[in-house]
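The structure appears right after this line, and notes come after that.
The values are calculated or read from the model by the stated rules, or taken from the named source; none is laboratory data. For clarity, every value in this text was computed on a predicted model and none was experimentally measured. Note: ideal-geometry Cβ built from the backbone for every residue, glycine included; neighbour counts use all protein chains shown.
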Ligand code: AHG
Ligand code: MN
Ligand code: MN
Ligand code: MN
């Protein structure tokens, strides 16, 4: 059977469905090419000298890994000169990165978490890249892009996706017409369509949460996890399984594949009051993908995609995955 490549898929989306503009098509191709380069570096591991930490800290107060910085540079360099972007923003950069004046400027904004799951790099566990595409506001046409131009609710994303670097490298993408998955053919160097219509089952019996934070959780989260732990004789009347990879990309990819619920809730810690994950380059793209696959994504009581950001690095509670479970957790929040 002849399978479609990412290029073919995007041309079809542009031609048949009008779902993407030529600029967005090129942009996604460029991001995918950068992910291929990151996948290659990840695959070399110690042989490529890519493991380990640097001395530097990022704006989040995290010690940067070599691969955090390398991946950020790969994405910046790949996307600077194509002419489709006005500016970029990243977990690893405090402020926005405008397209240098020597290159033509496009109308889109790209946000990324260049390397997600940094704590798993040195232990050879799946990691990934997450990205989100917005359109610059119309009034930004004749001037330099500012941070405020990025601060749009996730519902305005025109595309979002992630690459997961695991036993296989995969790229999972939405342009607002459902979710598709591509597997990297390492010999041919191309992304090949292997999942045509990813759908998250509405019901699940598998949850993902970092249980070590239990004592800090808010009561609706405690209530839901207690219900899960109660098993068949509890209110949910089924035995639950638990997974926690600690790479959001890998945990979400499992949910995209076989369902489940993923939670990194806000909690009572000073550092946890707004959650750990970042709205603009983690929560928003993942929420767009999850909704496009028939799932749901909330911060506790409300839909993540409706939140208007107040800063590039804003944090937020994240509860996403199988629709019926997420809606139950939302109900627990509203009843609280
Ligand atoms: P990043 O590596 O991009 O900073 O993101 C790490 C995030 C996310 O991938 C994961 O779900 C979560 O941190 C894991 O946190 P804990 O170590 O607290 O479980
Ligand atoms: Mn980080
Ligand atoms: Mn991350
Ligand atoms: Mn990261």
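Can residue 83 be described as away from ligand 3 (no atom under 14 Å from the Cβ), under 29 Å from residue 179 (Cβ atoms) and surrounded by fewer than 18 Cβ atoms within 10 Å (Cβ to Cβ)? Answer is yes for this residue.
Regarding the range 180-201, can at least one residue be identified that is within 16 Å of ligand 3 (Cβ to nearest atom), outside the structural domain of residue 297 (by TED's automatic domain parsing) and in contact (Cβ under 8 Å) with a residue 60 or more places away in the chain? Among the residues of the range 180-201, not one is within 16 Å of ligand 3 (Cβ to nearest atom), outside the structural domain of residue 297 (by TED's automatic domain parsing) and in contact (Cβ under 8 Å) with a residue 60 or more places away in the chain, which makes the answer no.
Can residue 220 be described as surrounded by 14 or more Cβ atoms within 10 Å (Cβ to Cβ) and more than 20 Å from the chain's Cα centre (by Cα)? When the stated conditions are applied, residue 220 passes them.
Here is a yes/no grid of residues against (1) at pLDDT 95 or above; (2) in a strand (DSSP E or B); (3) not assigned by TED's automatic domain parsing to the domain that holds residue 66:
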position: 121; (1), (2), (3): yes, no, no
position: 125; (1), (2), (3): yes, no, no
position: 143; (1), (2), (3): no, no, no
position: 164; (1), (2), (3): yes, yes, no
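Taken together, 287, 322 contain a single residue that is closer than 30 Å to residue 92 by Cβ and buried (at least 24 other Cβ atoms within 10 Å of the Cβ), which is 287.
Checking the structure you have, find out if any residue of the range 260-274 is more than 16 Å from ligand 1 (Cβ to nearest atom) and in contact with a strand residue (DSSP E or B) (Cβ under 7 Å, 6 or more places away or on another chain). No, every residue in the range 260-274 fails to be more than 16 Å from ligand 1 (Cβ to nearest atom) and in contact with a strand residue (DSSP E or B) (Cβ under 7 Å, 6 or more places away or on another chain). Can you tell me which residue in the range 121-145 is farthest from ligand 1 (Cβ to nearest atom), limited to those that are crowded, with 20+ Cβ neighbours inside 10 Å and more than 19 Å from residue 97 (Cβ to Cβ)? Restricting to residues being crowded, with 20+ Cβ neighbours inside 10 Å and more than 19 Å from residue 97 (Cβ to Cβ), the top hit is 126. Of all residues in the range 202-215, those being modelled with pLDDT of 95 or more and surrounded by fewer than 16 Cβ atoms within 10 Å (Cβ to Cβ) number 5. Considering every residue within the range 46-65, establish whether at least one is under 19 Å from residue 158 (Cα atoms), within 16 Å of ligand 3 (Cβ to nearest atom) and in contact (Cβ under 8 Å) with a residue 12 or more places away in the chain. Within the range 46-65 (the criterion being under 19 Å from residue 158 (Cα atoms), within 16 Å of ligand 3 (Cβ to nearest atom) and in contact (Cβ under 8 Å) with a residue 12 or more places away in the chain), the answer is no, since none of the residues qualifies.
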